[in-house]
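A short write-up of the structure that comes next.
The values are calculated or read from the model by the stated rules, or taken from the named source; none is laboratory data. Note that this is a predicted model, so its numbers are computed, not measured. When we count neighbours, we look across all protein chains shown, and the Cβ atoms used for this are built from the backbone with ideal geometry, even at glycine.
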Amino acid sequence: MAKTAIAYKEKMKEMSVLSLLCSCLYPETRKNLVGEFQVAGMEVKPINKRASGQAFEVILKPPSPVSDAAHCVTSPPKKDVSLEDIQKKLEAAEDRRRSQEAQVLRALAEKREHERDVVMKAMEENSNFSKMAEEKLTMKMEQIKENRQAYLASIMERLQEKVRGDSKTRGVDKGLCKVEGFDIFR
């Protein structure tokens with residue numbers, strides 16, 4: 001058990017605080033934690049176990065004055081930016097802007113072309129529909145005209161037969177059997 005605790009202490013020296021907290025979630029590490037551990041710059045104390053799992057208290061130690069000098073962060077040295085570099089960057093930005101603008105114009109032109117195609121197709125379909133409707137109407141009117149002529153012919157035929165039958169029974173003269181300009185005995 002002591003060897004495990006020593007190995008865990010060594011491991012904890014290499015790990016970050018986040019890794020330490022994440023390691024608390026794994027069951028293998030929970031079994032190995034016993035007592036307090038000190039890692040460079042922090043102290044870890046286990047708190048009584050809870051129903052939800054193991055809990056730890058992490059205490060960060062204040063930095064020592066010696067460590068401030070060691071951790072001095074310096075900014076990277078600035079490059080000398082020449083006028084040519086600035087002009088190249090500006091030209092590249094202008095080229096990107098122009099290409100993006102051209103791309104937007106192409107997309108708009110394609111959209112307009114599509115709209116034009118849709119309108120042309122709608123007009124063509126409307127024209128076809130009108131032609132079909134006109135053809136149907138013409139055919140219907142011709143059919144009505146033919147039906148009317150056939151009906152009138154059948155009525156005239158019946159009327160002629162009726163007049164013939166009446167003339168035979170009554171003896172009406174042929175010259176008197178004219179109805180409104182139509183000769184019944186043709």
Of the residues in the stretch 57-104 that are assigned to a helix (DSSP H, G or I) and among the acidic types (Asp, Glu), the one that is modelled with the lowest pLDDT is Asp68
- Any hit, the stretch 74-81, residues being at negative phi and surrounded by 10 or more Cβ atoms within 10 Å (Cβ to Cβ): no
